[in-house]
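To keep things clear, I will list the structure first and then write my remarks on it.
The values are calculated or read from the model by the stated rules, or taken from the named source; none is laboratory data. The structure presented is a predicted model; accordingly, all values stated were derived computationally and were not measured. For neighbour counting, all protein chains shown are included, and Cβ atoms are generated from backbone atoms with ideal geometry for every residue, glycine included. Each accessible area value is taken on the protein alone, full model and side chains, heavy atoms only, with ligands, DNA and RNA left out. Shrake-Rupley method; radii C 1.70, N 1.55, O 1.52, S 1.80 Å.
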Number of protein chains: 2
Amino acid sequence: MPKQTFLNLAEEKRQRIIEVALEEFASHPYSKASLSNIVARAGIAKGSMYQYFHDKKDLYIYLLDLAAKEKLAYIQKGVDPYANFFTLLEQIILAGIRFNLENPRLGQVVANAMEYKGEEVLQEFFERGKEMSLQFFEGMLQQARDRGTIRKDLDSRLLAYVLLGILGSGLSEYLLDTMGISRREFLTNTALGEKFSEEDLGRVTSKVIHLLRNGMEAKE
Amino acid sequence: MPKQTFLNLAEEKRQRIIEVALEEFASHPYSKASLSNIVARAGIAKGSMYQYFHDKKDLYIYLLDLAAKEKLAYIQKGVDPYANFFTLLEQIILAGIRFNLENPRLGQVVANAMEYKGEEVLQEFFERGKEMSLQFFEGMLQQARDRGTIRKDLDSRLLAYVLLGILGSGLSEYLLDTMGISRREFLTNTALGEKFSEEDLGRVTSKVIHLLRNGMEAKE
DNA sequence: CGGTCACATGACTCCTTAGTCACATTATAT
DNA sequence: ATATAATGTGACTAAGGAGTCATGTGACCG
């Protein structure tokens with residue numbers, strides 16, 4: 001939790017700090033992200049940072065929490081929770097990648113948290129977040145199974161892992177790849193996400209849904 | 001490339017260094033992995049390490065290369081390259097997770113390399129490796145498409161990303177999860193992989209194949 | 001025995017990091 | 001105007017990192 005001081009800050013300043021810090025954590029692994037670097041780029045003193053946050057971990061968790069909440073809100077906004085399973089899943093996937101393209105830093109911070117191994121300080125925290133995502137998908141899958149939308153013999157936990165893997169960053173990576181954009185460019189040049197049209201995203205999403213729905217096998 | 005000195009080393013000593021270094025790199029992100037730590041645990045002097053390798057990156061790349069080659073060889077050994085697509089894929093998946101369970105450190109080092117973002121020094125190297133894996137799957141997929149095993153309308157590049165995501169570490173994570181083993185335990189206690197029977201692995205693999213083949217949708 | 005070469009060593013340099021603290025500045029309230 | 005509280009500051013500490021180097025050890029060869 002950030003200290004009260006940070007919350008009292010002028011909107012503009014607070015936002016600047018968040019921006020700069022996000023950029024740092026999006027483009028470096030936690031242990032390599034540098035507070036000295038952040039304060040320099042944000043134009044504030046090192047000591048000030050410690051008036052705002054207890055320590056590096058506190059700052060990071062604040063940002064991660066922020067990013068996760070924004071992404072979640074974004075997805076919920078673009079989704080009809082009463083739609084049938086595949087429609088819902090399609091909307092989730094579409095909103096997920098759109099969010100990542102519109103908010104490269106936020107998206108990257110969340111994606112990193114899902115994948116980073118070996119950051120001992122944060123292990124516990126990451127696991128909680130991952131478990132929450134898994135359970136979300138599991139719930140969705142079980143409901144769809146009860147309703148007969150998907151096959152009964154599917155292992156919903158395993159599927160949740162698969163979905164999370166695809167959603168996590170696989171898809172966004174694929175998209176950047178098709179456009180020949182490196183992640184490095186993507187994080188520094190925020191406007192690059194606009195290269196993707198809504199049709200691009202829709203097409204990719206529907207391919208994924210089609211795959212998940214029908215599988216790969218050619219049926220004669 | 002390691003220096004000649006390293007290759008001249010007594011087998012036993014060389015192996016010990018490799019073991020210790022692998023453990024360090026498997027359980028810490030590259031930037032946090034510590035040479036001082038490695039040499040201390042391997043019982044050699046810091047200076048000696050620099051008689052063996054040019055620098056940290058050199059050591060890491062040597063290990064990653066080793067791990068990747070071993071995994072590849074392991075998979076090739078357990079696979080019939082003339083089998084049909086789904087059989088081949090099943091064998092690859094099975095061998096892949098078996099390798100990860102039998103060689104936790106090696107498997108983890110490879111998996112980390114696939115996912116780590118923001119390690120600027122290694123970006124280029126990682127991308128080469130990832131691209132190779134993608135192309136391997138793409139080739140496989142295109143061949144299957146030509147033979148009519150899988151549908152023509154599938155995007156093989158996209159599918160390659162999906163497969164890589166599943167293979168990469170998703171499945172091994174799922175397996176550890178089902179047994180309630182944390183990655184941390186798994187990396188320190190090498191024998192833990194034996195908890196999984198060949199049947200466990202076979203069952204999970206066939207579930208994945210079934211999913212990829214037929215999709216999730218309930219067909220009446 | 002002496003000399004040469006390969007390998008071993010750990011104290012050392014230099015750098016960067018997270019985090020601190022005594023002090024300066026500004027805002028608020030009386 | 002004065003007092004009190006809230007913010008801001010950057011030089012500083014301590015710890016740890018990668019990488020170096022002068023010196024030591026031992027093996028082999030003549």
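The residues of the range A:142-154 that are surrounded by fewer than 18 Cβ atoms within 10 Å (Cβ to Cβ), touching a residue at least 12 places away in the same chain (Cβ under 8 Å) and assigned to a helix (DSSP H, G or I), listed by number, are A:Gln142, A:Gln143. Restricting attention to the range A:14-42, the residues being touching a residue at least 12 places away in the same chain (Cβ under 8 Å) and not acidic (Asp, Glu) number 18. The condition of being outside any helix (DSSP H, G or I) and more than 16 Å from DNA strand D (Cβ to nearest atom) holds for only one of B:Ala111, B:Ala83, that being B:Ala83. Somewhere in the range B:155-166, is a residue farther than 25 Å from A:Leu154 by Cα and either without any contact (Cβ under 8 Å) to a residue 24 or more places away in the chain or open to solvent by less than 50 Å² (accessible area, probe 1.4 Å) (or both)? Taking every residue of the range B:155-166 in turn, at least one turns out to be farther than 25 Å from A:Leu154 by Cα and either without any contact (Cβ under 8 Å) to a residue 24 or more places away in the chain or open to solvent by less than 50 Å² (accessible area, probe 1.4 Å) (or both).
Conditions (1) farther than 30 Å from A:Ser31 by Cβ; (2) open to solvent by less than 30 Å² (accessible area, probe 1.4 Å); (3) out of contact with any Pro (no Cβ under 9 Å at 6 or more places or on another chain); (4) of a type in the set (D, E, K, R), marked per residue:
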site: A:Asp58; (1), (2), (3), (4): no, yes, no, yes
site: A:Asp65; (1), (2), (3), (4): no, no, yes, yes
site: A:Ala83; (1), (2), (3), (4): yes, yes, yes, no
site: A:Ile92; (1), (2), (3), (4): yes, yes, yes, no
site: A:Ile97; (1), (2), (3), (4): no, yes, yes, no
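Residues of the range A:1-54 that are open to solvent by 70 Å² or more (accessible area, probe 1.4 Å), away from DNA strand D (no atom under 12 Å from the Cβ) and part of a loop (DSSP other than H, G, I, E, B): A:Met1, A:His54.
All told, B:Asn100 falls short of being within 14 Å of chain A (Cβ to nearest Cβ), within 16 Å of DNA strand D (Cβ to nearest atom) and part of a helix (DSSP H, G or I). Selection of the range A:180-220 for residues being outside any helix (DSSP H, G or I), among the small types (Gly, Ala, Ser) and more than 13 Å from chain B (Cβ to nearest Cβ) yields only A:Ser197. Checking each residue in the range A:166-209 for being of a type in the set (Gly, Ala, Ser) and closer than 21 Å to B:Val162 by Cα picks out A:Gly168, A:Ser169, A:Gly170, A:Ser172, A:Gly180, A:Ser182, A:Gly202, A:Ser206. Here the condition is being facing another protein chain (nearest Cβ under 8 Å), assigned to a helix (DSSP H, G or I) and closer than 29 Å to B:Phe126 by Cβ; of A:Leu164, A:Leu134, it holds for A:Leu164 alone.
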